[in-house]
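Just so it is clear, none of the values below were taken in a lab; they were calculated from the coordinates. The shown structure was predicted, so the numbers you read here are calculated from the model rather than taken from an experiment. Don't worry about glycine lacking a Cβ; one is built from the backbone with ideal geometry, like all the others, and counts go over all protein chains shown.
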Amino acid sequence: MAKAHFHKMQRVYVKPVGTWALVEQVIPHWVKDVAEPLKVTYECGLGRQFQAHELVSEQVMHEEEHAEPGDDLLLEHWRIGRRSTKWRTAMGHHSGDNLGTFPVILTDEADTGGWRVNPVDFDRDPQRVEHQARMIVQTPGLLQIARRVAEIAAENPDSLPEDLLPVAKQCASILRYVYQLNDAPDTVAAE
């Protein structure tokens, strides 16, 4: 069962959006004949409801050494889970090592939220879907590397080899697109 981690009018940092907001409404999701809500979401006036793992309180921000939002707060820790393909097992279909399962990308601590492939698409090309799942899981780490490359290029534009300038520019461009922020490090144009 879920408990509320934040309260109404509490100031929180919203990780997916990269901004501070106030919790406007605490929304419990109830199921008939269950004493406690199954989950609790939070309305922050940013266009959608957020789960607790997507928010950070001011107190936590002040307690951390790195009090400015950035690498660690925007970086997710994703992993691959497996879900059963009950219809394939029932029909006697098995595909190699997967033994009646397909990959899902788990993007929250509760193993419930994430990205899932349509099982029919998995049946069509299981190797491709497995490869895509591995790529998606590594994306947060690759974004962290891209941010570091862009920061190094912005801090030391003259000492960066010319071959790396286009790479650093592309890293900064990718970061601006992904985080929808204008604070991604810019590289100095030395063309």
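Just grab the label-to-label distance for ASP125 and TYR177, each label 7 Å out from Cα along the Cβ direction, in nm (one decimal).
2.0
May I ask you to derive the FRET efficiency for LEU46 and HIS5 from their Cβ-Cβ distance with R0 = 22 Å, giving the value to the nearest 0.05? Intermediate values should be presented prior to the final figure.
On the way: r = 17 Å, r/R0 = 0.79.
That pair, LEU46 with HIS5, gives E of 0.80.
How far apart, in nanometres, would the label points at SER57 and ASP108 be if each is projected 7 angstrom from Cα along the Cα-to-Cβ direction?
Between SER57 and ASP108, the simple spin-label model gives 1.9 nm.
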